[in-house]
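A.B. asks: One structure coming up, written as structure tokens, with questions to follow.
The values are calculated or read from the model by the stated rules, or taken from the named source; none is laboratory data. Remember, it's a predicted structure, so these values are computed and weren't measured experimentally. We place every Cβ from the backbone using ideal geometry, glycine too, and count neighbours over all the protein chains shown.
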Amino acid sequence: MEGSMPLIGDKFPEMEVQTTHGMMSLPEAFAGKWFILFSHPADFTPVCTTEFVAFQRRYPEFKKLNTELIGLSIDQVFSHIKWTEWIRDNLDVKIEFPIIADHGQVAHTLGLVHPGAGSSTVRAVFFVDPHSVIRAILYYPAELGRNFDEILRMTKGFQVADAQKVAIPANWPNNELVGDHVIVPPAKDVATAEKRLAEKKYECFDWWLCHKPMEK
Ligand code: BEZ
């Protein structure tokens, strides 16, 4: 892994980070929980401000999903504190999750600066599971704010997929073919494929495209 950025399926690298909530050890600080590490280009910028408000509004829903949030930019901790005070005083939103004050080391380790897009961190999102495994990575450019309902949907989707050993269809839970159903993993042998169609346990377009209601 030395010299390359972590990818889906890799363990989240161990690191000590300075945050608005003090020093934290990652991923250990969130052991047993999901966490979402997200970077923004800079404090006191308009799109980033809209993103922080959007994330904070959904923070209770993330907490219900045993999921913590942690922000990051290459700004000093004083700047993070001043910016979140401004958000509180002017927009009436108290930012409750920690924000990493990175000197560039975390950005380098995680591949958050994309030189073709400038010297700031891009809008990255790392989804990390309770075993500290990176499950998804999103990158957005500075000029496009993220969709936080999608980030919530992905978090829910991972948890349903893991708990019920299923896969999550496009646009779930409003998929064009299967509605709010989930996808049964395709059969991996002939006998299972034949049985699947014969026993009619699932709704199937074919043996490799079967779906079922989500367990409640
Ligand atoms: C913004 O958050 O508005 C922003 C940040 C960096 C570059 C451009 C826009």
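A.B. asks: Is it true that LYS156 is on the phi > 0 side of the Ramachandran plot, modelled with pLDDT of 95 or more and charged (D, E, K, R)?
C.D. replies: Values: on the phi > 0 side of the Ramachandran plot: no; modelled with pLDDT of 95 or more: yes; charged (D, E, K, R): yes.
Against the criterion (on the phi > 0 side of the Ramachandran plot, modelled with pLDDT of 95 or more and charged (D, E, K, R)), LYS156 does not qualify.
A.B. asks: Okay, moving on. With the requirement that a residue be outside any loop (DSSP other than H, G, I, E, B) and aliphatic (A, V, I, L, M), what does segment 1-40 give you?
C.D. replies: If the condition is that a residue be outside any loop (DSSP other than H, G, I, E, B) and aliphatic (A, V, I, L, M), then MET15, VAL17, MET23, MET24, LEU26, ALA29, ILE36, LEU37 are the ones that fit.
A.B. asks: Output the strands (runs of 3 or more DSSP E) that fall wholly within segment 165-215 and possess 1 or more residues being farther than 22 Å from ARG135 by Cβ, or say none. Before you say what the answer is, go through the steps one by one.
C.D. replies: On the way: elements: 182-184, 203-206, 209-212.
Here the list reads 203-206, 209-212.
A.B. asks: Which condition number in (1) surrounded by fewer than 16 Cβ atoms within 10 Å (Cβ to Cβ); (2) within 16 Å of the ligand (Cβ to nearest atom); (3) within 25 Å of LEU7 (Cβ to Cβ) is the one that GLY104 fails?
C.D. replies: With respect to (1) surrounded by fewer than 16 Cβ atoms within 10 Å (Cβ to Cβ); (2) within 16 Å of the ligand (Cβ to nearest atom); (3) within 25 Å of LEU7 (Cβ to Cβ), GLY104 is out only on (2).
A.B. asks: In segment 27-42, which residue that is touching a helix residue (DSSP H, G or I) at 6+ places or on another chain (Cβ under 9 Å) and among the aromatic types (Phe, Trp, Tyr) is surrounded by the fewest Cβ atoms within 10 Å (Cβ to Cβ)? Walk me through how you get there before you give the answer.
C.D. replies: Looking only at segment 27-42, we keep the residues that are touching a helix residue (DSSP H, G or I) at 6+ places or on another chain (Cβ under 9 Å), and these are 34-42.
Narrowing the set further to residues that are among the aromatic types (Phe, Trp, Tyr) leaves 34-35, 38.
Numbers: TRP34: 19, PHE35: 23, PHE38: 26.
Top of the filtered list is TRP34.
A.B. asks: Something else about it: When segment 178-194 is examined, which residues are found to be loosely packed, with under 14 Cβ neighbours inside 10 Å and more than 20 Å from GLU215 (Cβ to Cβ)? Give the steps one after another, and end with the answer.
C.D. replies: So the first thing to find is which residues in segment 178-194 are loosely packed, with under 14 Cβ neighbours inside 10 Å, and the list is 179-180, 185, 188-192, 194.
Within segment 178-194, LYS188, ASP189, VAL190, ALA191, THR192, GLU194 meet the criteria.
A.B. asks: Please count how many residues of segment 43-85 are over 18 Å from the mean Cα position of the chain (by Cα), loosely packed, with under 15 Cβ neighbours inside 10 Å and within 14 Å of the ligand (Cβ to nearest atom).
C.D. replies: Adding up the residues that qualify gives 2.
A.B. asks: Further question: Quick check, is ILE151 in a helix (DSSP H, G or I) and touching a residue at least 60 places away in the same chain (Cβ under 8 Å)?
C.D. replies: Working: in a helix (DSSP H, G or I): yes; touching a residue at least 60 places away in the same chain (Cβ under 8 Å): yes.
Here the answer is yes, as ILE151 does meet what is asked.
A.B. asks: Sticking with this structure for a sec: (1) closer than 20 Å to GLY9 by Cα; (2) at pLDDT 95 or above; (3) not basic (Lys, Arg): which one isn't true of ALA117, the others all being true?
C.D. replies: Condition (1) is where ALA117 drops out.
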